[in-house]
Amino acid sequence: MKKFLLWFLAILITLAAAYYQRKTGPTYPKQVTLTLNDSTYDVKLVRSLGLDERPEIKLDIRDTTIKARVFYRRYRTNDEYTAVSFRYKVYPIESYLMNNLFKITSESGFFAAVAVQPPAGKLEYYLEITDTAGKQVFFRESPVVIRFKGAVPGFILTPHIILMFVAMLFSTLAGLMSIIKYPAYRKYTLWTLILLTAGGMILGPIVQKFAFGELWTGIPFGWDLTDNKTLIAFLFWILAYLMNRKKERPLYTALAALVLLLVYSIPHSMFGSELDYTSGEVVQGFFPFIFFGNFKNFLN
């Protein structure tokens, strides 16, 4: 019964952490509510685009009587904004079914094309929408930011995600077991270290290379927060494993589990790789954001 409760709590905490990661971070869609022609629409505004995706901003609105434009420019530049009108489109989508059959569905809405940027390049944009009540402008003072990334093969990205999820699960389980001094915590300490090594320290940099052209942008080469928080968690789990090799020291496992949980509480891709349009280099903006207080635009 005790083991079941530990697993149940570990799964619950891990799912909550995964949900939080999915809902936060500067690259996940920005969810907004728009009221147009007396109808309310819940719209997701894109904040991340792969180079293998259509370079478009979508408004999931069915009212074809509205008019809309997007104004965009390269992030952190003094470029003039480029205005592009949204067009209502219907894209066919093929879905694979069993027995080699395909189901044709569609994706519809208002779409506006933007200029493709190199990996880690960013655009900022705001919207102008006109309905029967007149013109409304959204996000002019705090534009939405899109980051572009290279395509990451599924055979790299999928194992990375699975390994990091299972590492979080085993970390939480080991932490809970260590608190009550359940003997199996030492086994899960080792497994957490193995999974974190494979998912975070091996596949993580490979994902980074495909997406932004750099294997490692954390210490000592940069201040990428995703790389650095993974490194910190990895070092704590090495310490936990070493301290428990010959003698039970559950406090170190509990501490490592807490650190990894804190790592997961930091939104994914915050202070991540960014193309500096002046130098043409991929940089990380951790310290500049702190010193210049530019959190507002970054998080939008």
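So if R0 is 35 Å, what FRET efficiency would residue 108 and residue 156 give, r being the distance between their Cβ atoms, rounded to the nearest 0.05?
For residue 108 and residue 156, the calculated efficiency is 0.65.
Computing the accessible area with a 1.4 Å probe over protein heavy atoms, can you report the carbon and sulfur percentage for region 70-200?
60
Whose amide H sits under 5 Å from the amide H of residue 149, counting only residues 5 or more places off or on another chain, with H placed in the peptide plane?
49, 50, 51, 120
Which one is right for this structure if Rg and Dmax of the Cα atoms in Å is calculated from it: (1) 22.5, 74; (2) 24.9, 81; (3) 20.1, 63?
(1)
What nm distance separates the two modelled labels at residue 60 and residue 77, each placed 7 Å from Cα along Cα→Cβ?
Here the answer is 3.1 nm between the modelled labels.
Using a 7 Å offset from the Cα along the Cα-to-Cβ direction at both residue 116 and residue 232, what is the distance between the two label points in nm, to one decimal?
3.7
Which whole-Hz ³J(HN,Hα) couplings does region 131-143 yield from phi under the Karplus relation 6.51 cos²θ - 1.76 cosθ + 1.60, θ = phi - 60°, glycine and proline marked x?
10, 5, 7, x, 8, 10, 10, 10, 6, 5, 7, 9, x
What do you get for the angle between helix 2-23 and the principal long axis of the chain? Use alpha-carbon atoms, 0 to 90 degrees, nearest ten.
It works out to around 30 degrees.
For region 158-253, what are the per-bin percents of Cα-Cα distances with bins 10 Å wide, up to the bin holding the maximum?
All Cα pairs considered, the percentages come to 18, 44, 27, 11, 1.
Using only DSSP helix segments of four residues or longer, with each worth -39500 (n - 2.57), what per-residue ellipticity at 222 nm results for the chain after dividing by its residue count and rounding to 500?
-12500 deg cm²/dmol
Report the calculated FRET efficiency for residue 31 and residue 265 (r = Cβ-Cβ distance, R0 = 30 Å), to the nearest 0.05.
0.90
For the chain, what does the accessible surface come to per residue with a 1.4 Å probe? Please give it in Å².
54
Too long at a 24 Å Cα-Cα cut-off: which of 209/229; 23/135; 181/229; 187/247; 67/122?
Violating the 24 Å Cα-Cα cut-off are 23/135; 181/229; 67/122.
Could you size up the charge dipole of the chain around its Cα centre, putting +1 on the beta carbon of Lys and Arg and -1 on that of Asp and Glu, and report it in debye to the nearest 20?
Dipole size: approximately 1160 debye.
Kindly rank 256-264, 242-250 from highest to lowest mean number of other beta carbons found within 10 Å of each residue.
Most protected by this proxy first, the peptides run 256-264, 242-250.
Rank 155, 165, 8 by accessible area, highest first, at a 1.4 Å probe radius?
I get 155, 8, 165, largest accessible area first.
Along the charge dipole of the chain, Cβ charges K/R +1 and D/E -1, which of 275, 232, 213 sits furthest on the positive end?
It is 232.
For region 202-212, just list the computed ³J(HN,Hα) in residue order, Karplus coefficients 6.51, -1.76 and 1.60, θ = phi - 60°, integers in Hz, with x standing in for Gly and Pro.
Taking θ as phi minus 60°, the curve returns 10, 6, x, x, 5, 4, 4, 5, 5, 6, 10 Hz for region 202-212.
Just going by the charge dipole of the chain, with Lys and Arg at +1 and Asp and Glu at -1 on Cβ, which of 188, 14, 142 is farthest out on the positive end?
After comparing all options, I get 188.
The values are calculated or read from the model by the stated rules, or taken from the named source; none is laboratory data. Bear in mind that the values here come from a model prediction, so they are computed numbers and not experimental data. Cβ sites come from the backbone with ideal geometry, for glycine too, and all protein chains shown count toward neighbours. Note: accessible area is taken over every heavy atom of the protein model, side chains too, but ligands, DNA and RNA are not part of it. Shrake-Rupley method; radii C 1.70, N 1.55, O 1.52, S 1.80 Å.
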